[in-house]
Amino acid sequence: MHSNPILLTEKSKYYSTLGYINNMSEEITTIKVCPHCNENNIIKYGKVKSNNAQIFYCKSCEKRFVETIGTPFYRSRKNNEIWTGYFENMWIGNTIRECAEKMEISQNTSFSWRHKILSYYLKFFKRKSLYNDVDVMVRIYVQNSKKEKESALMNVEKENITLKLGEKVFFLFTKNNDNTIEFLPFDKYPLSRLSLKRRLDMIFSNVKKVGVYGNNVIKSYAKKCVDEVTRVEANSELFIYERDMRSWISGFWGISFRYILNYFNWFRIYYVNNKMYKETRQYIYGTEKVFSGIW
């Protein structure tokens, strides 16, 4: 059984919206199986009146389900035109309030939709193993949310890190041998020396040369795992990526830590799509803050 069932029909009224960034992952596909029993003995069973979404019936488990199950549009009564308009406004960087006003929905709905969409695409984020020659940038982020349970992160050893308000966590931004740039929650601050080498061994198991920037402790321990350890060059694409991501994030009026992975992934999607973040309000505003000396 699929832990996150996703069923999209080729004729889905919502498929055009999802298709906007489907090229980010080959795993976003049409899955014609029942999300309840994983059997393909399904038939069409009418449509939802409010949004014309296709209903299916499974002859094996005798359960019904809608084609949008597992997507941001599941159980939504809004039609495709509203969703498409919202996504386009969100994509160019309009605020939650602006998106709500333009699409004539409430601000709570606008906020919910943003994170439904971002959380959906985060499901398809699959890290590649680092190999050969890589760059690593280390950054610290502070937990600023009162909802501790919802701020838990999974580190490199697939352990849940639960952070209290004000606690810090290390993130690694990595550039792989094929120039793929990704992010990885690493560990709480301060670093535990007992587990540091073990975790770095896991990350650098196939790495021969690594450039590290942002933390001398991690750099020194990397020397125990990798044959050659250097400093990340100033003209590295990873420097540009991390600098522009900070400018883009600073263009928001506050981001709760419990949504930080959503925003990291959102920027990554922009970056892969011809660096489209440069056209957003957030990046323009964040860059102006830097040049004006405000930030």
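Bear in mind that the values in this text are calculations on the coordinates, not laboratory data. Being a predicted model, the structure only gives us computed values, none of them experimental. Don't worry about glycine lacking a Cβ; one is built from the backbone with ideal geometry, like all the others, and counts go over all protein chains shown.
Could you give the length gained on full extension between Thr109 and Met202, defined as 0.36 nm per residue of separation minus the Cα-Cα distance, in nm?
On the way: separation 93, 0.36 × 93 = 33.48 nm, distance 4.10 nm.
Full extension from Thr109 to Met202 adds 29.4 nm.
Between Cys61 and Arg97, the simple spin-label model (points 7 angstrom out along Cα→Cβ) gives 4.4 nm. In order along segment 227-232, the Karplus-derived 3J(HN,Hα) couplings, from 6.51 cos²θ - 1.76 cosθ + 1.60 at θ = phi - 60°, round to 4, 10, 10, 10, 9, 5 Hz, and Gly and Pro are given as x. A simple charge model with +1 on the Cβ of Lys and Arg, -1 on the Cβ of Asp and Glu and nothing else charged puts the dipole of the chain at about 760 debye relative to its Cα centre.
The dipole here belongs to segment 128-295: it is taken about the Cα centre, uses +1 on the Cβ of Lys and Arg and -1 on the Cβ of Asp and Glu, and is about 480 debye.
For the chain, calculate the relative contact order in percent as a whole number, restricting contacts to Cα pairs under 8 Å that are 6 or more residues apart.
14 percent.
For the pair Ile43 and Lys126 in one chain, pulling the backbone fully straight at 0.36 nm per residue adds 26.7 nm over the alpha carbon distance. No disulfide-compatible partner, judged by a Cβ distance under 4.7 Å, exists for the following cysteines of the chain: Cys99, Cys225.
With contributions of -39500 (n - 2.57) from each DSSP H run of at least four residues, the per-residue ellipticity at 222 nm computed over the chain stands at -10000 deg cm²/dmol.
Select from Trp253, Tyr270, Val33 the residue farthest towards the positive end of the dipole of the chain; place +1 on Cβ of Lys and Arg, -1 on Cβ of Asp and Glu, and compute about the Cα centre. Final value for the positive-end residue is Val33. Applied to segment 179-189, the Karplus parametrisation 6.51 cos²θ - 1.76 cosθ + 1.60 on θ = phi - 60° returns per-residue 3J(HN,Hα) values of 6, 6, 10, 9, 10, 8, x, 9, 6, 5, 9 Hz, with x for Gly and Pro.
Using 0.36 nm per residue of separation minus the Cα-Cα distance, give me the extension gain between Arg243 and Lys116 in nm, one decimal. All intermediate terms of the calculation are to be shown ahead of the outcome.
Numbers: separation 127, 0.36 × 127 = 45.72 nm, distance 2.67 nm.
Difference between extended and current length: 43.0 nm.
Only one of (i) 22.2; (ii) 19.2; (iii) 21.2 was calculated from the structure for Kirkwood radius over Cα pairs in Å, and its label is (iii).
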